[in-house]
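Quick note: the coordinates plus some simple rules give every number you see, no bench work behind them. Please read these numbers as outputs of a predicted model, since none were measured by experiment. FYI the Cβ positions are ideal-geometry reconstructions off the backbone, even for glycines, and counts take in every protein chain you see.
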Amino acid sequence: MTNAFSINKSADGIATITWDDPDQSTNLLTADAVDAFHVAVSSLMADDGVTGILIESGKSLFSAGHDVDRLIDAYNVFSDSNAEGAERYEPLLDQCRPLQSALRTLETGGKPVAVAIEGSALGGGFEVCLAAHRRYVGDNSETKLGFPDVTLGLVPGGGGTQRAIRLAGIKAALPLLLEGRSVNVTKAAEIGLVDEVVSPGEAASAARAWLKTEPSATQAWDEKKFKLPGGDAHAPGVSMLFDLTNPSLCAGRSKTSPGKAGVVAAVYEGSMATMDQGLASEAQYFAKTLADPSARNFMRTGVTFKDELRKLARRPSGAPDWQPRKVGVVGVGMMGAGIAYTCARSGLDVVMIDQDQAQAEKGIAYAEKAMARAKIDDATQAEILGRLHPTTDLAALDGADLAIEAVFESVELKRDILKKMEDALSGDYCLASNTTSLLISELAEALDAPERFLGMHFFSPVDRMELLEIISGEGTDDNCLAHAMDAAKAIGKTPITVRDSRGFYTSRVVTSYEFEGLRMLTEGVAPALIENGGKLGGMPFGPLNLLDLTALDLNLLIRREAKAALGSAFQEHPGDAVLEAMVETHDRMGRKTSAGFYDYHPDRTKTLWRGLSENWAVASEQPPIQDVIDRLLYAQSIETLHCMAEGVVTDPREADVGAVLGWSYPLTWGGPVSFIDTVGAAAFLQRANDLASTYGNHLAPPDVIADRLRSKGRVYV
Amino acid sequence: MLDCFIYDHVRTPRGRGRSAGALHAIPASELAAQTLRALRDRNDLDTALIDDVILGCLTPINEQGSNIGRVSVLRAGYADSAAGVQINRYCGSGLDAVNFAAGQIASGQLDLLVAGGVESMSRVWMGSEGGALYTDPRVAIDRSTVSQGVSADGLATLGGFDRTAVDEYAVVSQSRAHAAWEAGHFDRSVITVTDHLGAPVLARDEHIRPGTTLESLSALKPSFEELGRKYGLDDVIVSRYPHIERVEHVHHAGNASGIVDGAAGILLGTEEIGHRTGMKPRARITAFTTSGSEPTIVFTGPEVAIKKMLKRTGLCVSDIDLWEVNEAFAAVPLDVMAKFDLDPECVNVDGGAIAMGHPIGATGAMLLGTLVDALERKNLKRGIAVLCIGAGMGTAVMVEREMSA
């Protein structure tokens, strides 16, 4: 039994439960913790000497986090089970009923309970607070209170849906539950989720004082005449909220967190029922939601895999620890400025080098704008700006541990700059290029020490996109790779490691999505069907829209460069002619010129260019929408499998996380590799082969992978 | 199976559905009762012969609650033995009442019924009855049901009816309704609603705007654009119909059915009851049907119901002389006309709900009455009345009359 909870009884009859888990840095509601809590509470309720119970945390945060590993395990048990009917859901119900039950004991045990909240209380931890009869919170601007469950694809399972609506009313509580965002203490008090905000550190004494007033030990909702504040789901003014919320959740699993529909349903049904009935409803929706592989994907890719990669699970073992202190960024365009700011924000000293001083100084302006947008306080802003040093002098790289080149995409220019950078660097440095489309090995040819060079592909906007694609060239050594990963960690990025090849991983797979859309256009599929097919599969943008955003002329250029480099090995694609026509015949470059596959209007709306059907005839017979949806998803998975077969990507976790972070691949599928397990390996292979026989061999899975899948049955064990 | 005949039909004029409307002070059961008394008095009817009164009503709560059918029968002073019931198939209710009555007559179990409806939209607001269709997440999310206005715009987009097309249709409805009134087409069927002392309160549909033009309509903003774009309802439509790029919002108060107060009743019976009472049949109900249809786009119900009816009767479009297709939204009759290639001159010949209003529970009966009148006036044989219905349904009735030489 965990000793996360210690009990201290004082002479005045008040028993204090202090939650301070010695095995974790944050108080987390593991299964053990829930059991221990229930035992502690039950014993106090049975103790005649106890007149009131105070709950507090011994850590700087009250409690936060979900035990996602346990939830994923429960899903696996459910998924592999042979049980039938409602019984199948028992392993999933076991993940929420114990906490629900412990909290009912807390609030109906007959002794008044007060909780002192100092520091954030999120998820299950906040649900514990709501079950107390009174909540005091210390006034701290860092304290966040709320229910992040939907961001993990889950429904709150500790009575959060039922207590939040009974305290704050549906109108205030439902948006909080649905968005999964947290509120500050002031807002929480305003809507009734906490009772009183007190000076920081004073919550426990305020709670104790309240307990001494012999208060009621019954929750309002357990009283006979209780009415939900603001009314139940059909009250005037409340039903409209459901009417306007439900449509946004209609498009099903592909669009939104699987937890959201369960949250709305639990709130709707529970609002017209007793607390115990509402809790039963919440538990059922919790279980139904967790039963869907989508929830597993949100948690596994979004938390487990991402955390593993952020903690550098893929760092070459044996490479010594390394910490960058000074960074050099050469080329202060938008990417260079973003990289510089991101490094400075993380405490690193940065020299921003450009051939033009005014351009170098734009890095300062970029940082100022970003900090204003992020509402960073003046003192911190000054600190960060103090770390940015604009200059035209490459010699400023002296002493830099990490040097990143971010100049214009030209092989000659980059080689030239990189050589000059190498000359200015010394010691145990790591040299990187932010190139998106040029081969690392090709750039490395200019260097004396190619083993210290690799690609660091950042994503725009750098300060907000957490993915870093690290590309090892032929000569890159483990030490250099480890440095790059240490740098990623130092600046808060999530690294994926990729072997040098055209398009690396992210560009290559996103291009496969875009070009499958172009292929369909040439086949006569209606543009609207193509775009909707992409979005119905969960992608935030249709393939044609995405091409517009990444610029048609740039995409054409990349294809032409590849053709020039590969010669006869270059594989033509029907999409090439489309790009050529759009750029050279119709002078349409995409979003940046307000004209691409879409026309972009002054009122910020966009409509598909009418000229598309004139130039690429729309066939009278259209394919079924499911074929369009699947082609666009399968194209990505198949391309990813090719990347893995070629050794460009060697860890499926990196493929999944890279997709989700790199181009907003829908978390509901977990990534292009998790997609296979979600659909089922056998079904995936069958469907891929069906699509290939109808629409082209490019949709066929590579043999070596297909064989492995057939024998293993799934990708992830 | 016995024949089912229409012996008579009446309706109240339609008052504006707000507090300034002429019928706002009149309780709904009184509106219905006045139609019942009119049917009795015009036909010198012994109401003890009436088996049942079936009234459609969409918002059967408060004043319209607790079986307004029976309440209206009592209020009308009918004999004790005349039963009463209220039904609700949303906008189709008034016609479904006719169908339910026709079925009981044809089966030989009942002889004489009144079927119709009543809706005081100014006294009992549409939507005030609650319901789960859009509100309960397990219905709305699982079945993608969205507010009808957006569905109607979706229908317009699917059919390619742009703003001009729907507005032009509305102008036609207005001018036809106005012309019909001027020419006395409604003289036989519309009763004057009176106050407690018998003084006239309303004798004519007050919702009509005879001066309506394309220009006057063009000033109106689309009513459902914000709802559709901001709250994701458009996305729901596009998800179900992914070959359209987006929903074009074209409907507004000027090309959608008006919110009004009104009641209607149709006297239906066997051939035998006609002999017994000396009433002459005006038309025979030869077919009636109802069907569900796709609940997200909602308004393909009439198409489905018409196909079902034609298939069962073995008739085709060219066998039908006149059509009444409820003008819930202008796109609906436009869609039916396009899908069945109907001659617009044969559809809603005396205007429709855009001009005169749609007192929801009663409209079905009003359409059927208008159809019978028009067939008589033009000495034509056969007509179909059909309504689109919420949550995706369609109800239709086919009538025939003896043409005079």
Notebook entry, point to check: How crowded by other chains is B:226-238, given as the mean number of beta carbons from other chains within 10 Å of each beta carbon?
Noted result: 4
Check: Ranked by Cβ crowding within 10 angstrom, fewest neighbours first, how are B:Phe186, A:Phe147 ordered?
Finding: B:Phe186, A:Phe147
Item checked: Under 5 Å, built H, 5+ apart or other chain: amide partners of A:Val194 -> A:Ala189
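Considering Cα pairs under 8 angstrom that are at least six residues apart, work out the relative contact order of the stretch A:326-502 and quote it in whole percent.
Computed over the stretch A:326-502, the figure is 21 percent.
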Check: In chain A, with Lys and Arg counted as +1 and Asp and Glu as -1 at Cβ, which of these residues, A:Ala189, A:Phe5, A:Leu348, has the Cα nearest the positive end of the dipole, that is, farthest along it?
Finding: A:Ala189
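List the trypsin sites (Lys or Arg not before Pro) in the stretch A:580-635 that DSSP assigns to loop (not H, G, I, E or B) and whose Cβ has at most 13 other Cβ atoms within 10 Å. Which are they?
A:Arg604, A:Arg610
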Next item on the list: Would you mind ranking A:Leu402, B:Leu387 by Cβ crowding within 10 Å, fewest neighbours first?
Entry: A:Leu402, B:Leu387
Check: Looking at chain B, do any whole DSSP H helices span at least 20 angstrom along their long axis by alpha carbon and average -0.5 or above on Kyte-Doolittle, and which?
Finding: B:28-42, B:163-182, B:360-378
Next item on the list: Would you mind checking which residues have amide H under 5 Å from B:Cys91's amide H? H placed 1.01 Å from N; only 5 or more apart, or other chain.
Entry: B:Gly390
Check: Nearest 0.05, what FRET efficiency do A:Thr607 and B:Ala253 give at R0 = 35 Å with Cβ-Cβ as r?
Finding: 0.85
Next item on the list: Could you pull out the pairs from A:Lys489/A:Lys712; B:Lys311/B:Lys339; A:Lys326/A:Lys592; A:Lys9/A:Lys225; A:Lys306/A:Lys592 whose alpha carbons sit more than 24 Å apart here?
Entry: A:Lys489/A:Lys712; A:Lys326/A:Lys592; A:Lys9/A:Lys225; A:Lys306/A:Lys592
Next item on the list: Name the most mobile residue of B:His252, B:His196, B:His207, meaning the one with the largest mean-square fluctuation, in a Gaussian network model of chain B with Cα contacts below 10 Å.
Entry: B:His196
Margin query: Suppose each label sits 7 Å from its Cα in the direction of the beta carbon; what would the A:Glu445-B:Ala83 distance come out to in nanometres?
Written below: 9.4
Notebook entry, point to check: On average over all directions, what projected area in square nanometres does the stretch A:104-176 have, based on the convex hull of its Cα atoms?
Noted result: 5.1
Item checked: Amide hydrogen neighbours beyond the local backbone of B:Val201, cut-off 5 Å, H modeled -> B:Val193, B:Thr194, B:Asp195
Notebook entry, point to check: Using only helices, what value at 222 nm comes out for chain B when you add -39,500 (n - 2.57) per DSSP H run of length 4 or more and divide by the total residues, to the nearest 500 deg cm²/dmol?
Noted result: -11000 deg cm²/dmol
Note to self: Can you compute the modelled spin-label distance between B:Ser128 and B:Asp341, with each label point 7 Å from Cα toward Cβ, in nm?
What the structure shows: 4.8
Notebook entry, point to check: HN-Hα J couplings of the stretch B:77-82 from phi, Karplus 6.51/-1.76/1.60, θ = phi - 60°, integer Hz, Gly and Pro as x?
Noted result: x, 5, 4, 3, 6, 7
Notebook entry, point to check: Under the Karplus relation 6.51 cos²θ - 1.76 cosθ + 1.60, θ = phi - 60°, what is the ordered set of whole-Hz ³J(HN,Hα) values for the stretch A:395-402, x standing for Gly and Pro?
Noted result: 4, 5, 5, 3, x, 6, 8, 10
Item checked: Proxy reagent accessibility, fewest Cβ within 10 Å first, across B:Thr277, B:Thr363, B:Thr145 -> B:Thr277, B:Thr145, B:Thr363
Item checked: Cα-based helix-to-principal-axis angle, A:527-536 vs chain A, degrees rounded to 10 -> 40
Checklist line | GNM result for chain B, Cα springs below 10 Å: residue of B:Arg75, B:Arg89, B:Arg377 fluctuating most strongly | finding: B:Arg377
Check: Helix A:652-663 sits at what angle to the longest principal axis of chain A, using alpha carbons and giving 0 to 90 degrees rounded to 10?
Finding: 80
Next item on the list: Show that you can apply the helix-only estimate: for chain A, add -39,500 (n - 2.57) for every DSSP H stretch of four or more residues, divide by all residues, and state [θ] at 222 nm to the nearest 500.
Entry: -14000 deg cm²/dmol
Item checked: At most 15 other Cβ within 10 Å, DSSP loop - trypsin sites (Lys or Arg not before Pro), the stretch A:653-717 -> A:Arg714
Margin query: If I model a spin label as a point 7 Å beyond the Cα along the Cα-Cβ vector, how far apart are those points for A:Asn82 and A:Glu474 in nm?
Written below: 5.5
Next item on the list: Quick one: among B:Asn326, B:Asn379, B:Asn255, which has the greatest mean-square fluctuation in a GNM of chain B with alpha-carbon springs under 10 angstrom?
Entry: B:Asn379
